[in-house]
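Inspection log for the structure reproduced underneath, given as structure tokens.
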Amino acid sequence: MDIESELNLHMDGKGLHEDHFMLFGRPQVMIPKWWKKFFFKHDIHHMVTGFGTDLVGELKLLCWEVGAGMPWYMIGEKYIKFPLMFVFKPSTALAAFKLGRTQHSLYAVDSELLRTKTLDEVEHYVESGKF
């Protein structure tokens, strides 16, 4: 099964397949196509790390992504939210960041190539940095 199918099962149809940002279960703003590509990789990070999509899971994933490698344009995440995580949940933040330093994020991988991979192949990439 390809990674997109696995992700759809894992996220129970939520995440990259939604057309709008949701707030309290209500659609708010339409999600642009370029942003969906970002969410695709972010949602796969949730699946391979096991971090949930609740507030704590999102904060853990943020720290993991900073450790594993984030795109330059995510400056707000890196320099505003990330330091705040260390203020409010320092041990959680440090553990997720340290784990990320030993792994590889998917942001540098071409989206079309990523869609052809299986979950095992993606997990191997996150661990080793190679397909």
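Out of the residues in the stretch 67-85 that are assigned to a loop (DSSP other than H, G, I, E, B) and under 13 Å from F97 (Cα atoms), which is modelled with the highest pLDDT? Walk me through it before giving the result.
From the stretch 67-85, those assigned to a loop (DSSP other than H, G, I, E, B) are 69-74; that's our starting set.
Of the ones still in play, those that are also under 13 Å from F97 (Cα atoms) are 69-70.
Numbers: G69: 92, M70: 88.
Per the stated criteria, the residue is G69.
Of the residues L114, L106, L99, which single one is surrounded by 12 or more Cβ atoms within 10 Å (Cβ to Cβ), touching a Ser or Thr at 6+ places or on another chain (Cβ under 8 Å), aliphatic (A, V, I, L, M) and at pLDDT 90 or above?
Among L114, L106, L99, only L99 is surrounded by 12 or more Cβ atoms within 10 Å (Cβ to Cβ), touching a Ser or Thr at 6+ places or on another chain (Cβ under 8 Å), aliphatic (A, V, I, L, M) and at pLDDT 90 or above.
State all residues of the stretch 62-82 that are crowded, with 22+ Cβ neighbours inside 10 Å and of a type in the set (A, V, I, L, M); if no residue qualifies, say none.
Listed by number, the residues that qualify are L62, V66, A68.
Only one of L23, L59 is free of Cβ contacts under 8 Å to residues at least 12 places away in the same chain, of a type outside the set (S, T, N, Q) and farther than 21 Å from E4 by Cβ; which?
On the way: L59 fails: free of Cβ contacts under 8 Å to residues at least 12 places away in the same chain.
Of the residues listed, the single one that is free of Cβ contacts under 8 Å to residues at least 12 places away in the same chain, of a type outside the set (S, T, N, Q) and farther than 21 Å from E4 by Cβ is L23.
Go through the residues of the stretch 120-129 one by one and say whether even a single one is part of a loop (DSSP other than H, G, I, E, B), under 25 Å from S5 (Cα atoms) and either among the small types (G, A, S) or in contact with a His (Cβ under 8 Å, 6 or more places away or on another chain) (or both).
Within the stretch 120-129, one or more residues are part of a loop (DSSP other than H, G, I, E, B), under 25 Å from S5 (Cα atoms) and either among the small types (G, A, S) or in contact with a His (Cβ under 8 Å, 6 or more places away or on another chain) (or both).
So which residues in the stretch 46-98 are over 12 Å from the mean Cα position of the chain (by Cα) and of a type in the set (S, T, Y), if there are any at all?
Matches in the stretch 46-98: Y73, Y79, S91, T92.
Condition test on E4, is it within 21 Å of H124 (Cβ to Cβ) and modelled with pLDDT under 85?
Against the criterion (within 21 Å of H124 (Cβ to Cβ) and modelled with pLDDT under 85), E4 qualifies.
Any residue in the stretch 40-60 that is modelled with pLDDT under 80, closer than 19 Å to S105 by Cα and surrounded by 13 or more Cβ atoms within 10 Å (Cβ to Cβ)? Give the steps one after another, and end with the answer.
Taking the stretch 40-60 as the starting set, the residues that turn out to be modelled with pLDDT under 80 are none.
Scanning the stretch 40-60, I find no residue that is modelled with pLDDT under 80, closer than 19 Å to S105 by Cα and surrounded by 13 or more Cβ atoms within 10 Å (Cβ to Cβ), so the answer is no.
The values are calculated or read from the model by the stated rules, or taken from the named source; none is laboratory data. The model shown is predicted, which means the values in this text are computed figures rather than measured ones. Reconstructed Cβ throughout: ideal geometry from the backbone, glycine too, with neighbour counts over all protein chains shown.
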